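Student: Next up is a structure, given as structure tokens.
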Amino acid sequence: MHRIFIATSNAGKIRDFSAAAALWEVEILPVTNFSLLPAVVEDGNTFAANARKKAENYSRYVPGGLVIADDSGLEVDALAGAPGVHSARYAANDPQAASNSADEANNLKLIRALETVAQEKRTGRFVCAIAAARDGATLGVFEGTAEGIILPEARGANGFGYDPLFYFPSLKKTFAELGAEEKVQHSHRGQAFRKFLEWYRTFDLPSYSPT
């Protein structure tokens, strides 16, 4: 089984990626001691820029290994694309805060920001960019999107982040109401990761073996 390292300590992300990778006989592992490594300042103007910055930085801690990092978030049309690249820190006074805001705080701020917005105008999308890097160099960037509607109250308990507020019309469920297989198939992260896996199948990279 091939091993790919992911630059995150977010259990939800690791779960999502692992579910998709298992179908390809690929094992997803967090970068060793990730929580103890210096944090990367996510100051890019796009999801792809932040993903590249994280992948390049953390791949230096896994010499010869393939490291992926994602940056993802929610773009709401009625809020001119906000929270966008600041999705994880939306509730913070400082959008460049070193640590992410709690999911509950981010969701509450979003609900309040859309209180006066009519249902038909509460459209938005999840966006995900995944960068793959080795030894400090980006090898590829892969993106996915999922279009939906922002609900005025949370539904479901399976997701994380804005999942309980993001309603996916074709399935008539929020992302927090989806099972693991449904989420892999329909989510922005699942789309981007499938593109990465298609690329990985053709990429001549030896299996990682720790030295």
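Each value in this text was obtained by applying a stated rule to the coordinates, not by laboratory testing. Note that the structure is a prediction, hence the values are computed from the model and not measured. Quick reminder, even Gly has a Cβ in these numbers, built from the backbone with ideal geometry, and neighbours come from all protein chains shown.
Student: Taking amide H positions as placed in the peptide plane 1.01 Å from N, state which residues far from residue 61 in sequence (5 or more) or on other chains have amide H under 5 Å from it.
Tutor: Residues meeting the amide H criterion: none.
Student: Still on this structure, please answer the following. Run the numbers for residue 41 and residue 9: contour at 0.36 nm per residue of separation, minus the present Cα-Cα distance, in nm.
Tutor: Full-extension gain reported as 10.0 nm.
Student: Work through the residues other than residue 130 whose Cβ is under 11 Å from its Cβ and net out their charges, Lys, Arg +1 and Asp, Glu -1.
Tutor: Details: positive: 13, 52, 54, 189, 194, 195; negative: 70, 71, 143.
So the environment of residue 130 carries a net charge of +3.
Student: Here is a further query. When the Debye formula is applied to the Cα atoms of the range 116-179, each taken as the same point scatterer, what base-10 log of I(q)/I(0) results at q = 0.23 Å⁻¹?
Tutor: -0.91
Student: Still on this model: Return a whole-number percent for the relative contact order of the range 2-202, with Cα pairs under 8 Å and 6 or more residues apart as the contact set.
Tutor: With pairs under 8 Å counted, the relative contact order is 20 percent.
Student: Once you charge only the Cβ atoms, +1 for Lys and Arg and -1 for Asp and Glu, what is the size of the charge dipole of the chain about its Cα centre, to the nearest 20 debye? List each step's numbers first, then the result.
Tutor: Details: 22 positive and 25 negative charges, 19 e Å.
Computed charge dipole of the chain: roughly 100 debye.
Student: Follow-up question, since we're still on this one. Counting pairs on different chains as well as pairs 8 or more places apart, how many Lys pairs in the chain have Cα atoms under 16 Å apart?
Tutor: Working: 13/54; 13/183; 172/183; 173/183; 183/195.
Number of lysine pairs found: 5.
Student: Return, for the Cα atoms of the chain, the radius of gyration and Dmax in Å, separated by a comma.
Tutor: Using the Cα atoms of the chain, the pair Rg, Dmax is 17.0, 58 Å.
Student: So, one more: Quick check: convex hull over the Cα atoms of the range 47-137, volume per residue in Å³, rounded to an integer? Each step should come with its number before you reach the end.
Tutor: Numbers: hull volume 8.5 nm³, N = 91.
Output value, Cα hull per residue: 94 Å³.
Student: Go through the range 101-178 and name the trypsin sites (Lys or Arg not before Pro) that are in a DSSP coil and have 16 or fewer other Cβ atoms within 10 Å of their Cβ.
Tutor: In loop regions of the range 101-178 (DSSP not H, G, I, E or B), the sparsely surrounded trypsin sites (Lys or Arg not before Pro) are 155, 172.
Student: Going by C-beta contacts inside 10 Å, put 101, 9, 35 in order with the fewest on the left. Before the final figure, lay out each step's value.
Tutor: Numbers: 101 20, 9 13, 35 9.
In order of increasing Cβ crowding within 10 Å: 35, 9, 101.
Student: A follow-up question, please. Suppose every K and R has +1 on its Cβ and every D and E has -1 on its Cβ; what is the size of the dipole of the range 105-211 about the Cα centre, in Debye to the nearest 20? Kindly include the intermediate steps, with their values, before the conclusion.
Tutor: Numbers: 14 positive and 12 negative charges, 37 e Å.
Roughly 180 debye for the range 105-211.
Student: Where in the chain is the longest stretch that carries no GluC sites (Glu not before Pro) classed as loop by DSSP and with at most 12 other Cβ atoms within 10 Å? Could you put the intermediate results ahead of the total?
Tutor: Numbers: sites that count: 25, 115, 153.
Between the exposed loop sites, the longest stretch runs 26-114.
Student: So between residue 60 and residue 111, what do we pick up on full extension, going 0.36 nm a residue minus the alpha carbon distance?
Tutor: On the way: separation 51, 0.36 × 51 = 18.36 nm, distance 3.94 nm.
Here the segment from residue 60 to residue 111 would lengthen by 14.4 nm.
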